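Undergrad: Got a structure here, written out as structure tokens. Questions coming.
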């Protein structure tokens, strides 16, 4: 499942020529998701802001 979701995110980025940050959690159960969600969410937000700033700088 993880490879398929990653491929889908990549396909969207390529098809629409836009950067897409992948923050999909791959977990076995809800407990694992809850343990990882805060850090993953912060990382995803940081990447989104950095990508937006870079696009603005390049554009």
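Undergrad: Go through 33, 48, 23 for me and flag whichever is surrounded by 13 or more Cβ atoms within 10 Å (Cβ to Cβ) and touching a helix residue (DSSP H, G or I) at 6+ places or on another chain (Cβ under 6 Å).
TA: On the way: 33 fails: touching a helix residue (DSSP H, G or I) at 6+ places or on another chain (Cβ under 6 Å); 48 fails: touching a helix residue (DSSP H, G or I) at 6+ places or on another chain (Cβ under 6 Å).
Result of the check over 33, 48, 23: 23.
Undergrad: Looking only at residues that are more than 15 Å from the chain's Cα centre (by Cα) and either surrounded by 12 or more Cβ atoms within 10 Å (Cβ to Cβ) or within 22 Å of residue 55 (Cβ to Cβ) (or both) in the stretch 1-17, which one is modelled with the lowest pLDDT?
TA: 17
Undergrad: Next question, about the same structure. Answer yes or no as to whether residue 56 is assigned to a loop (DSSP other than H, G, I, E, B) and more than 16 Å from the chain's Cα centre (by Cα).
TA: For residue 56, the condition - assigned to a loop (DSSP other than H, G, I, E, B) and more than 16 Å from the chain's Cα centre (by Cα) - is not met.
Undergrad: For the stretch 23-46, enumerate the residues that are under 30 Å from residue 59 (Cβ atoms) and either at pLDDT 90 or above or not in a loop (DSSP other than H, G, I, E, B) (or both).
TA: Matches in the stretch 23-46: 40, 41, 42, 43, 44, 45, 46.
Undergrad: Right, here's the next one. Which of (1) free of Cβ contacts under 8 Å to residues at least 12 places away in the same chain; (2) in a helix (DSSP H, G or I); (3) under 14 Å from the mean Cα position of the chain (by Cα) does residue 20 not meet, given it meets every other one?
TA: Of (1) free of Cβ contacts under 8 Å to residues at least 12 places away in the same chain; (2) in a helix (DSSP H, G or I); (3) under 14 Å from the mean Cα position of the chain (by Cα), only one is false for residue 20: (2).
The values are calculated or read from the model by the stated rules, or taken from the named source; none is laboratory data. What you see is a predicted model; the values in this text were computed from it and never measured. Cβ sites come from the backbone with ideal geometry, for glycine too, and all protein chains shown count toward neighbours.
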